[in-house]
Amino acid sequence: MLGWGDEAGVTPVAPVLDAAGLPPVEDLGELIAQGPVYRAAAVRVLGASARRHALAEVELRAPLAPSAIICAGANFDDHLRETSRERATEVEFFFVTPSSVVGPGADVRMVEGFTKYDYEVELAIVIGSPARNVSLDDALAHVFGYTILNDVSARDHQILLDDDGTSQGRFGAGKSFRDSSPIGPWVVPVEQLPDPDRLALRTTVDGELRQNNTMESAIWGVAELVSYYSRWVTLQPGWVIACGTPGGPALGSDPELRADPYKRDDGVRRGAYVQPGQLVECTIESIGTLANRYVR
């Protein structure tokens, strides 16, 4: 059931809307699709509701089931540097199957035969209204809110080295598989995050700091990504755009895949790939923490 809340607790949406005479919705995608007038009325009604459950009393699931997920690659210079790549002139992007989504607290079930499991904290944009060929100035008007996506990656299937030393990048095989897209813990409406391009991003593995940067270091910001992707497809309400990850994933410490694990001065510790049983926590300022344990 769809809930509306924050770290203080959750209010079930459907019964409150029904009692107020508003058409009830069962998931966030339906709420977004109802349009801004309905959303504004729903926010007023839910804000006045006294019925709230503490987070400890509920099990959070993925806050939405997007029908499309677009991922930006190569969007932070420190990640490019550690993976020995040059900055691209345009946004690198790929699609991930929505069936790969799992929620906060869910296990990431590691596929048999995949050996180099990685993590990537990413700010995720939730589209609020159709967007086609929108300008930079108008881009944020098409955003509903923001959440966190962990772009789980199987590097042994994503990057293949040929005998002559060249490499092949296979985003389909290395990015889009079972449980590869944890999302959550909730979606923060755009009104509560007026400046997403300043948010801090962190990842820890069993408490050890692995990623530490801010969206200020992104090559392409939120408005630029929305505007750019709207040139190629008509972005639809409920779609998710993942903004790319900063340096620090295990890939950046893997010399077998031509990484250059340069020394960092921000507390980030170079580390190996995620092992079964380890807890990965992706945190973004003003949104929260998305925690998932990787298991066999």
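The values are calculated or read from the model by the stated rules, or taken from the named source; none is laboratory data. Since we're looking at a predicted model, the values are computed, not measured. So basically every Cβ, Gly included, is an ideal-geometry build from the backbone, and we count neighbours across all protein chains shown. In case anyone asks, the SASA skips ligands and DNA or RNA and just uses the protein heavy atoms, side chains included. Shrake-Rupley method; radii C 1.70, N 1.55, O 1.52, S 1.80 Å.
About its Cα centre, the chain has a charge dipole of approximately 440 debye under the convention of +1 per Lys or Arg Cβ and -1 per Asp or Glu Cβ, with nothing else charged. For segment 72-145, the spread of Cα coordinates along the three principal axes comes to 45, 33, 18 Å, biggest extent given first.
Label-to-label distance for residue 65 and residue 192 is 2.4 nm, based on points extended 7 Å past Cα in the beta-carbon direction. Would you please give the FRET efficiency between residue 49 and residue 141, computed as 1/(1 + (r/R0)^6) with r the Cβ-Cβ distance and R0 = 25 Å, to the nearest 0.05? Efficiency, from the Cβ-Cβ distance: 0.35. The modelled label-to-label distance between residue 129 and residue 270, using points 7 Å beyond Cα along the C-beta direction, is 4.9 nm. Dimensions of segment 1-77 based on its C-alpha atoms, expressed as ranges along the principal axes with the largest first, amount to 48, 31, 19 Å. Convex hull of alpha carbon positions in segment 154-292: directionally averaged projected area 10.2 nm².
Could you list the residues of segment 42-63 with an amide nitrogen less than 15 Å from a label point located 7 Å from the Cα of residue 14 in the Cα-to-C-beta direction? So the set is 61. How large, in percent, is the carbon and sulfur part of the accessible surface of segment 73-140 at a probe radius of 1.4 Å? Its accessible area is 49 percent carbon and sulfur atoms. Backbone phi angles across segment 197-210, fed through the Karplus curve with coefficients 6.51, -1.76 and 1.60 (θ = phi - 60°), yield HN-Hα couplings of 7, 10, 5, 8, 10, 9, 9, 10, 10, 6, x, 8, 5, 10 Hz in residue order; Gly and Pro are listed as x. Evaluated at q = 0.06, 0.07, 0.10, 0.14 Å⁻¹, a Debye calculation over the C-alpha positions of the chain (equal weights, vacuum) places log10 I(q)/I(0) at -0.19, -0.26, -0.53, -1.02.
Round to a whole number: what % of the accessible area of segment 147-282 belongs to carbon and sulfur, probe 1.4 Å? About 47 percent, which is the carbon plus sulfur part of the accessible surface. For residue 9, neighbours were defined as the other residues whose beta-carbon sits under 13 Å from its Cβ, and their charges (Lys and Arg +1, Asp and Glu -1) total -1.
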